[in-house]
Amino acid sequence: QVQLVESGGGVVQAGGSLRLSCAASGGTFSGYPMGWFRQAPGKEREFVAGITWRGIKDYADSVKGRFTISRDNAKNTVYLQMNSLKPEETAVYYCAKGRYIEVSAKARDYDYWGQGTQVTVSS
């Protein structure tokens with residue numbers, strides 16, 4: 001049974017930083033990309049960042065220059081460093097395993113999801 005477990009969420013003031021982690025277990029992750037998505041109340045889930053097995057990264061335009069995705073393949077763990085956070089980025093953040101080789105911004109291209117971790121950015 002594939003499991004993805006996110007951690008690192010919390011409450012931070014605007015302009016602050018958080019580092020999210022996603023630990024994967026129970027399946028084959030070798031060769032597959034990992035992604036981070038977020039969903040705010042009343043809004044659709046949106047792509048934040050993704051990284052291929054070999055480390056090629058992609059970001060949503062809204063987070064470029066502020067967020068950094070990385071992964072440790074030996075530990076089956078993916079990270080999301082978030083800097084200069086904004087109140088409008090308050091959301092539940094999810095990590096997900098991609099179905100294909102390349103990073104995709106579409107949620108349907110991910111087959112396993114974590115339970116999410118809440119990030120609240122206060123103004």
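The values are calculated or read from the model by the stated rules, or taken from the named source; none is laboratory data. Please read these numbers as outputs of a predicted model, since none were measured by experiment. Because the Cβ atoms are built from the backbone with ideal geometry, glycine has one as well, and the counts that use them run over all protein chains shown. Heads up: the accessible areas ignore ligands, DNA and RNA and are worked out on the full protein's heavy atoms, side chains in. Shrake-Rupley method; radii C 1.70, N 1.55, O 1.52, S 1.80 Å.
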Item to complete: With a Förster radius of 35 Å, plug the Cβ-Cβ distance of residue 30 and residue 122 into 1/(1 + (r/R0)^6) and report the FRET value to the nearest 0.05.
Response: 0.35
Item to complete: Express the carbon and sulfur contribution to the solvent-accessible surface of the chain as a percent, rounded to the nearest whole number, probe 1.4 angstrom.
Response: 46 percent
Fill in: Per residue accessible area of the chain, 1.4 Å probe, in Å²
52 Å²
Fill in: Gain in span if fully extended, residue 57 to residue 81, counting 0.36 nm per residue against the direct Cα distance
7.3 nm
Worksheet item: Dipole size in debye (nearest 20) for the chain around its Cα centre, Lys and Arg Cβ +1, Asp and Glu Cβ -1?
Response: 140 debye
Worksheet item: Taking the chain, how much of its Cα-Cα pair set, in percent, is spaced more than 21 angstrom apart?
Response: 30 percent
Worksheet item: Can you pull the accessible area of residue 7 for me, 1.4 Å probe, Å² to the nearest 10?
Response: 60 Å²
Worksheet, complete the sentence: Expressed as a percent, the portion of alpha-carbon pairs in segment 1-69 spaced more than 19 Å apart is 43 percent
Worksheet entry | At R0 = 22 Å, FRET efficiency that the Cβ-Cβ distance of residue 106 and residue 17 yields, to 0.05 | 0.20
Discussion item. Connecting C-alpha atoms closer than 10 Å in a GNM of the chain, tell me which of 15, 42, 26 has the biggest fluctuation.
Written reply: 42
